[in-house]
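Asker: The structure that follows is given in the form of structure tokens.
The values are calculated or read from the model by the stated rules, or taken from the named source; none is laboratory data. Nothing here was measured: the structure is a model prediction, and the numbers come from that model. Please note: Cβ atoms are built from the backbone with ideal geometry, for glycine as well, and neighbour counts cover all protein chains shown. Please note that ligands, DNA and RNA were not included when accessible areas were found on the heavy atoms of the full protein model with its side chains. Shrake-Rupley method; radii C 1.70, N 1.55, O 1.52, S 1.80 Å.
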2 protein chains.
Amino acid sequence: MKTMDEFMEHTIQDLYSAEQQALEAMPQLAQRVQSDQLRQAFQVHQRETEGQVKRLEQIAQQLGIDPDGETCMAMQGLIEEANDLLDQLEEGPVADAAIIGAAQKMEHYEIASYGTARTLAQQTGLEQIADLLEQTLEEEKQTDEKLTTIATSSVNQKAAQE
Amino acid sequence: MKTMDEFMEHTIQDLYSAEQQALEAMPQLAQRVQSDQLRQAFQVHQRETEGQVKRLEQIAQQLGIDPDGETCMAMQGLIEEANDLLDQLEEGPVADAAIIGAAQKMEHYEIASYGTARTLAQQTGLEQIADLLEQTLEEEKQTDEKLTTIATSSVNQKAAQE
């Protein structure tokens with residue numbers, strides 16, 4: 001890897017792996033959730049993530065690269081950590097608070113990575129690709145904010161009473 | 001783990017492990033950096049991180065818990081990924097761009113985790129602890145912004161010419 005094009009390829013492939021791992025992990029997190037509001041947020045984000053995967057495939061096509069080729073080890077670590085945490089928790093408000101925390105870590109990984117990819121695309125004149133990455137970046141930020149709202153407006157209060 | 005107190009303990013211990021891993025990893029990233037501005041930013045953040053570790057020790061003391069006890073698997077994954085990426089790069093502007101991306105992922109892990117811990121502390125009436133966590137959270141956000149500025153104002157332009 002010597003050029004920004006190759007770094008861009010690596011970043012897109014890493015994100016493609018991260019999103020696919022997230023797609024598998026999210027239903028497992030959602031099924032351990034007690035709050036209906038939180039479960040619905042996971043279901044909405046699951047559909048959104050399917051769209052984000054399609055966007056990465058579109059970007060890969062425009063770049064003339066294969067979206068497969070990397071395994072995102074950071075997302076593996078995040079999911080392993082989330083599972084390890086949930087193994088220590090029974091279903092209930094405290095588990096819901098922990099699931100929100102784990103999901104926000106996954107969101108922030110994606111926010112950092114899409115942020116890097118978007119900036120790379122902007123600075124190498126790939127405007128259409130930068131726009132696609134920006135759309136996903138905004139969705140990830142909104143999901144993160146929605147999770148904070150669910151935590152502070154309902155889940156954490158219930159959990160504090162446990 | 002059944003109560004918010006126990007979830008808080010887990011979160012602080014996870015952050016303590018994450019910060020200590022970051023303290024070890026940062027000098028290794030910094031020594032592969034070509035840009036003086038970026039190397040200085042790492043040195044500043046290294047000292048800041050030492051202060052953040054002390055803050056976590058202070059919080060653990062106030063909570064009456066041991067800060068040790070967890071290994072942050074997500075930070076392990078992030079560092080493994082950064083090393084794997086750097087193994088593929090020779091020193092230069094593209095490597096600098098990749099190092100910024102890797103460091104921002106580490107920052108975002110910490111932003112998500114300190115955000116969760118701060119909100120938990122606020123909502124369980126631990127105001128002093130919430131203030132300490134908020135101070136670190138702001139430092140992490142500023143570091144993330146500083147890295148974006150270094151990328152967009154200098155490193156990425158040089159890298160795009162490679």
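Asker: Any idea what diffusion coefficient chain A gets from Stokes-Einstein, in µm²/s, Kirkwood Rh on alpha carbon pairs, 37 °C, 0.692 mPa s?
Answerer: Estimated via Stokes-Einstein, D reaches 201 µm²/s.
Asker: Let me ask you something else. Determine the shielding of peptide B:92-103 by partner chains: average, over its residues, the number of Cβ atoms on other chains within 10 angstrom of each Cβ.
Answerer: Shielding by partners across B:92-103 averages 4.
Asker: Still on this structure, I have one more. So what does the Cα-only Debye profile of segment A:1-68 read at q = 0.11, 0.16, 0.18 Å⁻¹, as log10 I(q)/I(0), no solvent term?
Answerer: Here log10 of I(q) over I(0) equals -0.34, -0.60, -0.69.
Asker: Does the protein assembly as shown come out rounded, prolate or oblate, given a ≥ b ≥ c as the square roots of the eigenvalues of its C-alpha gyration tensor, rounded meaning a/c under 1.5 and, failing that, prolate meaning a/b above b/c?
Answerer: Judged from the Cα gyration tensor, the protein assembly as shown comes out oblate (a/c at least 1.5, b/c at or above a/b).
Asker: Quote the total accessible area buried by chains B and A together, excluding ligands, DNA and RNA, probe 1.4 Å, nearest 100 Å².
Answerer: The summed interface area works out to 3600 Å².
Asker: While we're looking at this one, here's another question. Quick one: label points 7 angstrom along Cα→Cβ at B:Q28, distances to the other copies in nm, smallest first?
Answerer: Spacings between copies for this position, smallest first, are 2.6 nm.
Asker: Additional query: Any chance you could check the Cα centroid distance between segment B:144-162 and segment A:78-123 for me, in angstrom?
Answerer: Cα centroid of segment B:144-162 versus Cα centroid of segment A:78-123: 26 Å apart.
Asker: How shielded is A:141-151 by partner chains, expressed as the average number of their Cβ atoms within 10 Å of its Cβ atoms?
Answerer: 1
Asker: Determine the share of chain B's accessible area contributed by carbon and sulfur atoms, expressed in whole percent, with a 1.4 angstrom probe.
Answerer: Summing carbon and sulfur atoms, their accessible area is 41 percent of the total for chain B.
Asker: Per-residue ellipticity at 222 nm for chain B, helices alone: DSSP H runs ≥ 4 residues times -39500 (n - 2.57), over residue total, nearest 500 deg cm²/dmol?
Answerer: Taking each H run of at least 4 residues, the total per residue is -28000 deg cm²/dmol.
Asker: Per residue of A:117-127, count partner chain C-beta atoms within 10 Å of its C-beta, then hand back the mean as an integer.
Answerer: Mean partner-chain Cβ count within 10 Å for A:117-127: 3.
Asker: Based on a Kirkwood Rh over C-alpha pairs, give the Stokes-Einstein translational diffusion coefficient of segment A:43-90 at 20 °C and viscosity 1.002 mPa s in µm²/s.
Answerer: 164 µm²/s
Asker: Something else: All other residues with a Cβ under 13 Å from the Cβ of A:Q122 taken together, and with Lys, Arg as +1 and Asp, Glu as -1, what is their net charge?
Answerer: It works out to a net charge of -2.
Asker: Nearest the rotation axis from B to A, which residue of chain B has its beta carbon, and at what whole-angstrom distance?
Answerer: Taking the axis that maps B onto A, the answer comes out as B:G77, 1.
Asker: What are the distances, in nm and sorted shortest first, from the label point of A:Q61 to the label points of the same position in each other copy, with each label point placed 7 Å from Cα along the Cα-to-Cβ direction?
Answerer: 6.0
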